[in-house]
1. May I ask you to list pairs of residues, at least six apart or on different chains, whose Cβ atoms are under 8 Å apart, with the first in the stretch 251-265 being without any contact (Cβ under 8 Å) to a residue 40 or more places away in the chain and more than 15 Å from K201 (Cβ to Cβ) and the second being open to solvent by less than 10 Å² (accessible area, probe 1.4 Å) and of a type in the set (V, I, T)?
2. Could you give me the residue pairs with C-beta distances under 6 Å whose first residue belongs to the stretch 214-236 and is touching a residue at least 60 places away in the same chain (Cβ under 8 Å) and in the same structural domain as V26 (by TED's automatic domain parsing), whose second residue is charged (D, E, K, R) and surrounded by fewer than 18 Cβ atoms within 10 Å (Cβ to Cβ) wherever it lies, and which are 6+ apart or on separate chains?
3. When you look at A235, is it in contact with a helix residue (DSSP H, G or I) (Cβ under 6 Å, 6 or more places away or on another chain), surrounded by fewer than 22 Cβ atoms within 10 Å (Cβ to Cβ) and small (G, A, S), yes or no?
4. Could you please tell me which pairs satisfy a Cβ distance under 6 Å, a separation of 6+ or placement on different chains, a first residue in the stretch 1-18 that is assigned to a helix (DSSP H, G or I), and a second residue that is within 12 Å of the ligand (Cβ to nearest atom)?
5. Which members of the stretch 78-106 meet the condition of being part of a strand (DSSP E or B), more than 14 Å from the ligand (Cβ to nearest atom) and of a type in the set (S, T, Y)?
6. Between L203, L178, L199, which is of a type outside the set (K, R), near the ligand (Cβ under 10 Å from one of its atoms) and modelled with pLDDT of 95 or more?
7. Give the residue, chosen from E75, E33, E25, E42, that is away from the ligand (no atom under 15 Å from the Cβ), at pLDDT 95 or above and farther than 26 Å from K220 by Cβ.
8. Suppose the filter is open to solvent by less than 30 Å² (accessible area, probe 1.4 Å), of a type in the set (A, V, I, L, M), over 21 Å from Y148 (Cα atoms) and away from the ligand (no atom under 16 Å from the Cβ); does A221 pass it?
Amino acid sequence: MIIDLRSDTVTKPTPGMLDAMMRAEVGDDVFGEDPTVKQLEEKCAKLLGMDGAVFCPSGTMTNQIGIKVLTQPFEEVICYKGSHIYKYEGGGLAGNSNVSVRLLPGDRGRLSVEEVASNVNNINDAHQPLTSVVALENTVVREAGSFYHLNQIAPVAQLARSKNLKMHLDGARFFNALTETKDPASDYGKYFDTISICLSKGLGAPVGSVLVYKKEYESKARRMRKAFGGGMRQAGFLAAAGIYALDNHINRLKEDHGRAKTLGQVLQNLQWVKSVMPVDTNIVIFEVAAHLTPEKVLAKFNEQNIKAIAFSQTEIRLVTHLDYNDEQLNRTTESFKKISF
Ligand SMILES: *Cc1c(COP(=O)(O)O)cnc(C)c1O
């Protein structure tokens, strides 16, 4: 049996989820006639304390629509230098929104109010692009799933308001963050203009992300989804999986975090591992020993039927998920201990 730790997107729908999908009431959502899509959108908006939501095929699309509705060409977005919107969306910010980015290091990807404040451009200097959005990521995928507490976000949002900047959240793993912080999801709506959440990561749906927003973005977000090619027809079958995921798969995320921590601890003591980033949620990133490369280590993993990915020239990433249980965890750790170079 293959153990797949490449991403938390590799999960297959559970029998309960498939059953919910099969029973979904559907219609043509481009005509606004899919009741299950509407139900999912209303559920997400309410859950996050926002006014509206739009169901999309991917988290890349929800992020791209979020930035698009909050910016005008020539403006600038402040974000972490390793953020998904910048590094992993195919140059979409430049292509779709024609904006520049101000890339900040952050504390493991978390931007502080001081760091943001000192990077807002002078509105009266025509040389400088107009800063218009602060985009945060929670959890931060490039930093092994580090997370913000809401009380770290509040001052950034307050500064943004005072400078007339908009706030976007890439919440691909939003519920992984809340699993640790216990912050109420519905408080997030107070601090952001747009929030993207993924149903196809830790929550285990086969497809889908939702962009939630303040009501002034409703028509533009829907227009942009159409323009980006994301209008879907009988999408209720997929929305039903998302509803099921929200109802049944949030509480179990702590299991994924526990297993990731165990992997991190085991890796820390192995001679082929140089260092392991702190494991805060469901992502483990480690650096291979100096005489090795990720490719060499991944080849050994392959021999043990374990899949992971190279995350840089020196790092490997493992992500725990719904289809990764304790038995597989034991097999993984036993296999890791057997590997030598
Ligand atoms: C996976 C991910 C996304 C969206 O990815 P899609 O594959 O397009 O759904 C966005 N942000 C972060 C941080 C992610 O990890």
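The values are calculated or read from the model by the stated rules, or taken from the named source; none is laboratory data. Nothing here was measured: the structure is a model prediction, and the numbers come from that model. All Cβ positions, even for glycine, are placed from backbone atoms using ideal geometry, and neighbour counts span all protein chains on display. Protein only, heavy atoms only, side chains kept; ligands, DNA and RNA dropped before computing areas. Shrake-Rupley method; radii C 1.70, N 1.55, O 1.52, S 1.80 Å.
1. Close Cβ pairs satisfying both conditions: G264/V284.
2. Partner pairs satisfying both residue conditions: K214/D51; K215/D51; R233/D28.
3. no
4. none
5. Listed by number, the list holds a single entry, S100.
6. Only one candidate passes the filter, namely L199.
7. After applying the criteria, what remains is E25.
8. Numbers: open to solvent by less than 30 Å² (accessible area, probe 1.4 Å): yes; of a type in the set (A, V, I, L, M): yes; over 21 Å from Y148 (Cα atoms): yes; away from the ligand (no atom under 16 Å from the Cβ): yes.
Yes.
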